[in-house]
1. How many nm is it between the label spots at residue B:89 and residue A:108, if each spot is 7 Å from the Cα in line with the beta carbon?
2. Under 20 Å from the Cα of residue A:160, which lysines turn up, not counting those fewer than eight places away in the same chain?
3. Using unit Cβ charges (K, R positive; D, E negative) and no other charged atoms, how large, in debye to the nearest 20, is the dipole of the stretch B:117-189 about its Cα centre?
4. Within the set A:48/A:142; B:122/B:167; A:122/B:172; B:133/B:184, which residue pairs have Cα atoms separated by over 19 Å?
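The numbers here are math on the coordinates, done by the rules we state, and not lab data. Treat the numbers as computed from the prediction; the structure is a model and nothing was measured. Because the Cβ atoms are built from the backbone with ideal geometry, glycine has one as well, and the counts that use them run over all protein chains shown.
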Amino acid sequence: MLRLVAKRLLGTASGDIPSRPLQILPRLYHENVIDHYNNPRNVGSFDKNDPNVGTGLVGAPACGDVMKLQIKIDEESGKIVDACFKTFGCGSAIASSSVATEWVKGKSMDEVLTIKNTEIAKHLSLPPVKLHCSMLAEDAIKAAVKDAEAKRAKTNATLKGADVKSG
Amino acid sequence: MASRLPILRRISILLKAPPSTTLRSLRPSLARRFLLRKVLAPNVSPWICAAASSFCSGPLNLPQDSQGPAAIDYRSVLSEDEYHRLANSTIQDLQEKLEEFGDIVELEGFDVDYGNEVLTLKLGTLGTYVMNKQTPNRQIWLSSPISGPSRFDWDHNAQAWVYRRTKANLLKLLESELEQLCNKPVNLS
């Protein structure tokens, strides 16, 4: 047993230990990315006219990536109870937005604003050239929250106006 | 996606030319001053703002407090030719300076590569920088092992590439990060 370990450590391939070519493999998608690509979570859309739904639309087709991320807010608690996304783009962009919808569920709007693109990129082991996808996902979250907050403010303003009128 | 295209084309036309005048008829400096005044004017159409926010994660997507006053005229029209000229000269200039830097700093795994208009700077185990042009936005995109992704726009006033969210200057950012990583100062300006 000790000889086997020693051989491995010294890297002397004597035929009985298969050589490990891991270091010369070309760039591959991390298994988390492949998982999100093959089994994307929360694909779909909510009614954007629903006052409890915030929609974030970021990117542009010319750039190569478009992400639409929607969040459903619980009226009383103000927490995000559901999220869905639709993304046009590369595997990393799809995985980033899929991860984003998973991470926002159950959190408050303030909390999700602290989600950083670096965390998404780390979770998916994104290569340098794909870090921009994670930033887009972070922007999508921020845009959705901003839209939800704007709608809530509008609803509150309308309700206040109604109270004043009836009172 | 097909139904989006006409709308996007209309939006891009609207963003490029203000309704009351054609820019080509104005001298470039006058045109810029005119646009600056337009941007700072309070009555910018909300629809244009909303449309602009759907373009590549521009500053309009962020909550107001994290975005300082717009000192940069982000609606300045940079023609594609001028953009390519500026971006190419910046990137090629950087490539030369980084190659010189590589000769000075003895770092294992140091490599500068420019192919398909993408500049890749490998710093061995310290990380990799990737810089590329993003022509539709007239931007230079940078991916840094320290500061992550950033998107630089050309600022006419500063005559430099600036990342609006942090006000960072592309060359200054690279200089400070490379000095931090390699413990040797570098001048990229």
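1. Roughly 5.2 nm, to one decimal.
2. Result set, ordered by chain and number: A:151.
3. So the dipole magnitude of the stretch B:117-189 works out to roughly 160 debye.
4. B:122/B:167; A:122/B:172; B:133/B:184
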